[in-house]
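The values are calculated or read from the model by the stated rules, or taken from the named source; none is laboratory data. It should be emphasised that the depicted structure is a prediction, and the values quoted were computed from it without experimental measurement. Every residue, glycine among them, receives a Cβ derived from its backbone with ideal geometry; neighbour counts consider all protein chains shown.
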Amino acid sequence: MDYNALLLVCIVPVVCCYSSGQIMDSCEDMQPHHSGLRPQTEPAPYTITTDHSSYRRGEEVKVQLLALSSAPFIGFLLQAREVGGQSPVGSFELMPGAAQLLICGQRPNSAVSHRSDSVKTSIWVTWRSKASRDGKPIQFHASFVKNYKTFWVDVTSPVLTFSNDGSGGSTSLPTPTITSSTTTTTILLQPTSLSSISSADCGITKMCFSQPSDCDPAVSADCYFMSAMMLSSTDKTIRYEMTGPSNGYISFGFSDDQMMGNDDIYICGKGSDGRVWLQHAFSTGRTAPQAVPLGNVLDVRASALDRVISCSFTSMNKISTQRTRGFNKTYHLMFAHGPSSYGQIQFHAGTFISTDKIDISRPQIVGKAGWPHIIKAHGALMLIAWMTTGSLGMMVARYLKGVTKGHNLWGKDVWFLVHVAVMCVTVAATIIAFILSFSHVKGWSKGAHPVLGCLVMILSFLQPILALMRCGPQHPLRFLFNWSHALNAVVIKTLAVAAIFTGLKLIDSTLDHWLMKVMGGFIGWESLCYILLEVHLNCTINNTDTLISKMTTVILLMVLFCLGNCAFLVALLVGIGMS
């Protein structure tokens with residue numbers, strides 16, 4: 001009995017040492033030597049990636065052990081071997097993480113293993129080749145332990161060839177022409193097929209943010225999508241993905257608020273030469289983002305198929321918005337896309353922002369923020385002003401003036417009173433909408449929409465002032481006022497429609513651009529009504545009965561016009577409310 005107890009005491013330290021990673025006995029066959037158990041035969045849910053596809057004498061190669069999907073590991077053993085060889089080559093250096101160096105084949109630092117049985121999803125190490133004249137192709141070999149009974153042996157990386165031409169190695173998938181470093185601001189890549197980005201595991205293993213909110217980039221090309229998955233809570237390693245249709249670039253960023261400015265941004269763009277580039281940037285105020293060093297960014301993969309740009313990469317960079325810095329903070333997520341020119345991004349064509357601040361280390365599906373109520377009110381007032389009251393006022397002056405002669409009220413022609421009333425409402429709504437937008441933005445925004453809006457505001461403000469200063473009906477120069485007043489009204493109407501189109505483009509997040517199509521339908525409807533009224537107006541008037549009939553027809557056409565406009569208006573107001 002005492003002998004058995006003594007034997008048990010001797011065995012316990014040997015068993016416990018496996019969880020500490022001191023597994024030199026496994027150097028040759030890479031087996032964890034779990035009693036009576038055999039390694040798994042199905043493909044391993046783990047991968048070994050490198051930042052080079054070739055190596056030179058004495059050159060460093062960064063190596064990543066990565067758990068795919070939701071299969072973390074508790075133990076591992078990593079070596080570099082010549083292709084066909086059984087002995088480890090080169091030496092490893094550690095990055096911060098749950099790893100330690102081992103002596104294998106009497107070579108110091110020739111292998112890496114775990115330090116404890118803590119759960120791991122990603123391990124980063126640096127391998128350096130031995131200074132030798134006759135380098136040979138190498139592969140990285142690893143064994144992974146998911147639990148005591150489940151483990152995989154001899155998982156291999158792609159082959160790294162030996163390069164002796166003085167040129168640097170290149171990243172394996174895809175191939176960057178610039179190696180990521182703390183001073184590099186942009187990394188260029190040859191686009192390859194990147195079809196692995198999808199909404200699978202959203203809310204389970206990764207945080208996802210998309211527009212439309214339920215889209216899957218693996219299914220629909222019209223899906224703007226980004227995700228973040230925490231690979232290691234120890235060294236704060238995060239795997240990012242982003243994809244979306246664009247002719248220039250897509251990007252995502254982190255912000256302390258829902259306004260652009262002081263944001264930490266990653267940009268993925270497509271150059272004129274077909275190559276894809278990844279850039280780290282920081283935005284200050286409302287100016288264009290400034291490139292910053294790419295930092296600790298590895299395993300960059302990119303795709304530019306048809307009009308869809310995709311990038312995925314692993315980053316150990318801390319998030320910085322100047323006001324906050326680190327990983328344990330929460331941030332608003334921003335996604336933007338737009339054109340680029342000669343590698344320089346232009347003003348974004350579309351953007352969406354998260355409703356709440358998000359902890360990206362927590363798997364979840366993030367909802368995007370709707371437009372502020374004050375901006376929705378701005379849009380609603382502009383639609384009411386220039387789809388109903390403004391159009392009605394112009395039609396009254398053009399088509400009722402000639403067919404309502406002799407119809408007076410309070411000493412004024414009825415058409416004139418109606419015209420003044422609806423146009424005053426139009427100008428008032430335009431001024432209020434203008435004030436609402438500027439009071440919210442508190443500054444000047446880029447793009448055509450604010451320029452068009454300001455022009456509409458200025459001309460609308462001047463129109464009633466000039467009308468009050470008009471000369472009398474019998475004055476010989478009265479025709480100048482009539483023509484200038486009518487021409488200014490047409491210009492305002494044209495600019496207002498253009499402003500509405502550009503405004504709807506900013507908020508229309510539907511896949512089929514439904515709001516834009518409704519606005520196009522409104523333009524067609526209004527044009528048809530103008531043509532019918534114009535044709536009817538120019539009919540010959542022979543007698544009083546014809547004049548009465550003409551007035552009745554004009555009024556009926558205008559009522560029909562108003563009913564149709566109200567239908568389009570309601571559809572657009574509902575769309576704005578749901579945006």
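Brief remarks follow.
- Taken over region 239-263, residues that are assigned to a loop (DSSP other than H, G, I, E, B) and either within 25 Å of ASP201 (Cβ to Cβ) or free of Cβ contacts under 8 Å to residues at least 24 places away in the same chain (or both) amount to 2.
- The set of residues in region 81-109 being among the small types (Gly, Ala, Ser), modelled with pLDDT under 90 and assigned to a strand (DSSP E or B) consists of ALA99 alone.
- When we screen SER315, SER310 for residues that are under 16 Å from the mean Cα position of the chain (by Cα), modelled with pLDDT of 85 or more and of a type in the set (S, T, N, Q), the only hit is SER310.
- Where PHE335 falls short, out of the listed (1) buried (at least 18 other Cβ atoms within 10 Å of the Cβ); (2) at pLDDT below 85: (2)
- Only one of the numbered conditions (1) more than 30 Å from MET230 (Cβ to Cβ); (2) at pLDDT 75 or above; (3) within 23 Å of the chain's Cα centre (by Cα); (4) not basic (Lys, Arg) is violated by GLY390, and that is (3).
- Whichever residue in region 361-387 is within 15 Å of the chain's Cα centre (by Cα) and of a type in the set (A, V, I, L, M, F, W, C) and, among such residues, is surrounded by the most Cβ atoms within 10 Å (Cβ to Cβ): VAL366
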